[in-house]
Every structure is written in structure tokens, then in C-alpha cells.
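Input: a single structure, listed below in C-alpha cells.
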Amino acid sequence: MKRIVLFCSLAAAAWSADLTGNWLSAAPSPNNDGTIRRTYFHLKQEGGKITGTIRAAQFFYAVMESTGGPDGFKLTVGMQDGPTERRAIYEGRLVGDELHVAQRRGETLLPEMTAHRVREGEGAKPARLPLPALHKVRDNGLARTPPMGWNSWNKFAGRVNDEVVRGVADAMARNGMKEAGYTYINIDDTWEGERDAQGNIQTNKKFPDMKALADYVHGKGLKLGIYSSPGPNTCAGYEGTYGHEEQDARTWAAWGIDYLKYDWCGARNIYSDAEMQAVYQKMGDALLATGRPIVFSLCQYGRADVWKWGPDVGGNLWRTTYDIRDNWESMAQIGFQQSELAQWAKPGHWNDPDMLEIGNGGMSETEYRTHMTLWSMLAAPLMAGNDVRDVPSSILEILTNREVIAINQDKAGKQGRRLAKSGDQEIWVRDLEGGDRAVALFNRGAAAAPATIDWTALGIKKAPAVVRDLWEHRDERFTSSVSVPGHGVVLLRLRAE
């Protein structure tokens, strides 16, 4: 009888030590900014089955599959992101009163987190807030040509700080970028701190005084931009604007902010793509209400045909693709798929195929010239993404080529389009103010190849006597064919007759 009692007691102890509960892992941000990264595990164990949710940064996952128990478990979790289902895998075990968990990415197990029980409801998804009825937001009158400037993310990501931004402002003011038209210095994600008792957003310790930083940038004859998300969290898991849209817009205006990049990320956990227009409209109204001219950049990766309603929410530009990477395949795939969107671009409202990677080292200078040419033909925003404090002269020459920039900044605001394609060879044309035309001869192949111009397709009876080569900075005599380097381009300006 005693053995039976002992066995029952041990069994009861084993089952009582289950995973059911609300667990929190809190650790300092790896970005050394004084913020805390929180991951919540809301789990329920019923025998050999584990259900529940995980909130990590911008993600709200639901447990889809589980194996194991307190001595060792594996959770496959997922969330719906528009048309895409995102999945992740977590593995862990219960050690005393602590939950030890790590996320698996492929064959790699990320560093282990230690979580402790917290009160029920902490870390739950915020309640859904109602959205306004749709209406047209008044045009703010900004960005009559595509915005030009610099953004921190491609080079610095979470390492951006006050010192970097001041150094970039110093460099752009002296290296010719400002004179070439690069105006905005945009701080991307990871500047955010917590909110104070009144709900006002604060900066983290990387940015001790955003107003002073804005004043410094303005003193250089430049403008300062910032980043946020309409969701509870940003892409990197920092504080978003959810429920504080008007309040945050007033804060940014008081700081002296001139540009907002507004990233969908965390909002997808609250709203559907069909509601995206109303979500962005709310911030468009809030920015206008501040009375400060703030460029409104919509970053939601081209979902929900944003180019059709972007101007209606006050947007000056809208992302048409997912994030660019610093390699030929990514840049070419993104850039060459933009032709069909040409009809939606106009002064004050631009298609945005993402930031420039020029100078970050993943492509050759020939490929970077193609990158610059294609974005200029597309009337795309030109946001440099390299470390402009220390930039080779050859890269600076690409970024500051005044003749190429003139194509990008042409006041007619007509986006270029693909005129012809034959294998790896593409010819693009852009109509310019005053009747001039830009013609770009692209070679997407790896080896040099001839490109033939069909002058009649351009509405020209015969080849013009002289055309301007904008990379060679000279007038040239052309007939109908020119050699284009592998992954390269020849960019011509045809003067009106």
C-alpha cells in the first residue's frame, strides 16, 4: 500500500510541474540602448498536448503543433501575414520555476531565454481599436520630385545612434551630397524607448535628445526623418504608435521631424490588409493636424495595391516591394519589375522600390551604376544606405552624378517604362520636361553585349546626330547599336528637336 501511495504522489508531482501559465523572458536589448526585449509564452498543457500563444517582438504566434512536455518540448508556431503564413520553432524545458526556451532557425538553436511566471493577461495582444471611415486626406504639397537623402537601416540597422547621425550630417554637408540634392537624414527602427506616464513616446539612450539632434541636422541645411509602425510594435520589436497616433505625431513635430517612414509590421496582428488604407489614413490626418510639413512614406511592401490609394491617405511615397538586399539578384528583381506601375507615379506621390544599396560592398561599381540608373528612370526616391562618412570617391561619383540625378528629379514626374526586351537586353524610356527623353540600355546578362535602339519605336524617324551619354558626361554620335557591359547600362539623354 505504501508503494502505491508513493507512486501516486510522484505522479501527481510530475503532472503539477506542467507548462501551463503566462511566462515572460525579459533581457536587455542587444543594441545596447537601455530597452528591454520581452517575449511572452502563454501556454496550456493538457496531458501530452501544449497549446497557446507566443508574443515576440512584432510577432503574435499561435501554437500549431507540439511534442513533449516539461522535461523537453518542441513547439511549431505560426501566424497569418496577409497571404503568407509565417512559422517558427521553439524548443525548451521546465527547470524548477523557470522556463528555458530557444528558437530554432534551420539547424541553429538561438541563445536560450529564461522565462518566469507573470500575472495572467500581461503581454496579451492589445484590444482592437476602431478605424475611421475612409476619406481623402488633403495633399501636403511636399515631395514634388522624388525625395533624396539617407536612411540608416541598410548599413547600421540597430547600431544607429546620435553620433552616427551627426557624423552623417557633417559628411553630407561637406562631400557634395547636399549640393546634389540629398536632403533627408532618416533614422530607421530602434530609436524608440518607453512611454512616460502621460503616454508620450521617449527615445532610448542611443538618442539622448532628439530635438537637439534635429536642430543640429537643420543647422547643416538638412532635414531629419524618423520611423514608426501603426502596430503595437515596430519590426524590430520597439514601441509602435498603436493608440497614440495623434500624440506621437505632435511629439515628432515638436522635435522638428521632417519625414516619417511608417512600417506596417506590427499592425498586421491587429488589422487585415483590407483595412490598411484606413490605418494609414489615420496617420496622414495626424501629420497634417500638427501643422508641420512632414513627408509621409508608406512602408507596407506593395500589398493591397497601395499605389491606387496611397495619395488618398496623404502618402508621398509607398513601398512597392519587400526589402532590397545588397546583391545583383535582389536589386534587379525589384527594379526591373516596376514598369507596370508607371501610371501611378506623379509629382508628390511616388512608387518606392526601397532604398539604395550603393556602396555597401555587395555589388560591383558597374552594378551600382545600373542600380542608380534604374532608380532614376523609375522616378524612385533616392535614399542612400551606405556609410557616407567614409565613402570611396568612385562610389560618391555614382551617388552624386548630377546628370543622372537630373533624370530622377525631372519636374514632369513621369516614371520611366520598359520599351523593349530581348533576352537579357532591355531598353527603357522616360519622357522628360520640355520634350527631352532619357533612354537606358540595360544588359542583365553577365557578359558584355550589344544593344540596338529602335529609333522608330521612340517616335524618331532617324537616329539623332548627337545624344548625351550621362555616365561618360559627353555628347556621342550613335547610329543604332552600342556595347553594354555585363550587368551594366548606357544612359542617354535625347534632346528635343
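What follows is calculated from the coordinates using simple rules that are stated; it is not laboratory data. Since we're looking at a predicted model, the values are computed, not measured. Positions of Cβ are backbone-derived with ideal geometry, glycine not excepted, and every protein chain shown enters the neighbour counts.
Toward the positive end of the charge dipole of segment 370-497, about the Cα centre and with charges on Cβ (Lys, Arg +1; Asp, Glu -1), which of 485, 372, 443 goes farthest?
443
If neighbour count is taken as other Cβ atoms inside 10 Å, put 383, 148 in order from fewest to most. If you can, show how the numbers build up before the last one.
Numbers: 383 29, 148 22.
Least to most surrounded, the residues fall as 148, 383.
Consider all pairwise Cα distances in segment 18-117 and report the whole-number % of them above 21 Å.
On the way: 1483 of 4950 pairs.
The calculated P(r) of segment 18-117 puts 30 percent of pairs beyond 21 Å.
Net charge around residue 65, counting only other residues with Cβ within less than 15 Å of its Cβ (Lys, Arg = +1; Asp, Glu = -1)?
Result for the local shell: +3.
Could you give the dipole magnitude of segment 360-497 about its Cα centre, charging the beta-carbon of Lys and Arg +1 and that of Asp and Glu -1, in debye to the nearest 20?
Numbers: 18 positive and 18 negative charges, 98 e Å.
The dipole of segment 360-497 has a size of about 460 debye.
Can you flag which of 223/308; 74/282; 308/462; 223/421; 136/220; 155/211 are past 31 Å Cα-Cα? Could the numbers behind the result be given before it?
Working: 223/308 28 Å; 74/282 41 Å; 308/462 38 Å; 223/421 40 Å; 136/220 35 Å; 155/211 24 Å.
Distance filter (> 31 Å) returns 74/282; 308/462; 223/421; 136/220.
Looking at 393, 234, 193, which one has the Cα that reaches farthest to the positive end of the dipole of segment 148-414 (charges on Cβ: Lys, Arg +1; Asp, Glu -1)?
Farthest towards the positive pole: 393.
Sticking to Cα atoms, compute the Rg of segment 119-252 to one decimal and its Dmax as the biggest Cα-Cα distance, whole number, in Å.
That works out to 17.0, 57 Å for Rg and Dmax.
Starting from the Cα of residue 394, step 7 Å along the direction of its Cβ; do the same at residue 102; then give the gap between the two resulting points in nm.
4.3 nm
To the nearest 20 debye, what charge dipole does segment 18-117 have about its Cα centre, counting +1 at the Cβ of each Lys and Arg and -1 at the Cβ of each Asp and Glu? Mind dumping the intermediate values first?
On the way: 12 positive and 12 negative charges, 39 e Å.
Dipole size: approximately 180 debye.
Could you give the size of the charge dipole of the chain about its Cα centre, using +1 on the Cβ of each K and R and -1 on the Cβ of each D and E, expressed in debye and rounded to the nearest 20? Write out the running numbers ahead of the final one.
Values: 59 positive and 62 negative charges, 104 e Å.
That gives the chain a dipole magnitude of about 500 debye.
Using a Cα-Cα cut-off of under 14 Å, which aspartates and glutamates could be cross-linked to residue 44, ignoring same-chain neighbours fewer than 8 residues away?
18, 65, 120
Among 438-448, 189-199, 80-90, 228-238, how do they line up from the highest to the lowest mean number of other beta-carbon atoms within 10 Å?
Values: 438-448: 19.2, 189-199: 16.1, 80-90: 13.3, 228-238: 24.0.
So the order, starting with the most tightly packed, is 228-238, 438-448, 189-199, 80-90.
How many Å³ per residue does the convex hull of the Cα positions in the chain occupy? Please list the in-between numbers first.
Numbers: hull volume 80.2 nm³, N = 497.
Taking only Cα atoms, the chain has a hull volume of 161 Å³ per residue.
Please find the FRET efficiency linking residue 346 to residue 110, where r is the Cβ-Cβ separation and R0 is fixed at 51 Å, and quote it to the nearest 0.05.
On the way: r = 45 Å, r/R0 = 0.89.
The value I calculate is 0.65.
Assuming a ≥ b ≥ c are the square roots of the Cα gyration tensor eigenvalues, decide whether segment 148-414 counts as rounded (a/c under 1.5), prolate (otherwise, with a/b larger than b/c) or oblate.
Numbers: a/c = 1.66, a/b = 1.20, b/c = 1.38.
Oblate.
So if I restrict to the alpha-carbon atoms in segment 347-428, what is the Rg, and what is Dmax, the biggest pairwise distance, in Å?
Cα radius of gyration and Dmax of segment 347-428 are 13.3, 41 Å respectively.
Taking Rh as the Kirkwood radius, which is the inverse of the mean 1/r over Cα pairs, what is the Rg/Rh value for segment 380-497? Write out the running numbers ahead of the final one.
Values: Rg = 14.9 Å, Rh = 15.3 Å.
Checking Rg against Rh, the ratio lands at 0.97.
Let me check I've understood the local charge: for residue 131, count other residues with C-beta under 15 angstrom from its C-beta, Lys and Arg +1, Asp and Glu -1. What total comes out? Display every interim value, and only then the final one.
Working: positive: 128, 268, 282; negative: 245, 246, 273, 275, 285, 312.
Result for the local shell: -3.
Compare the Cα positions of 339, 173, 321 along the charge dipole of segment 148-414 (+1 at Cβ of Lys, Arg; -1 at Cβ of Asp, Glu; about the Cα centre) and return the one farthest towards the positive end.
173
Before anything else, pin down the relative contact order of the chain: Cα pairs under 8 Å, at least 6 apart, normalised by residue count, whole percent.
Values: 1100 pairs, mean separation 52.1, N = 497.
So the answer I get is 10 percent.
Tally Lys/Arg at +1 and Asp/Glu at -1 over every other residue whose Cβ is under 10 Å from the Cβ of residue 94; what's the total?
-3
For residue 289 and residue 365 in one chain, what is 0.36 nm times their gap in residues minus the Cα-Cα distance, to one decimal in nm?
Details: separation 76, 0.36 × 76 = 27.36 nm, distance 4.40 nm.
Contour length minus Cα-Cα distance gives 23.0 nm.
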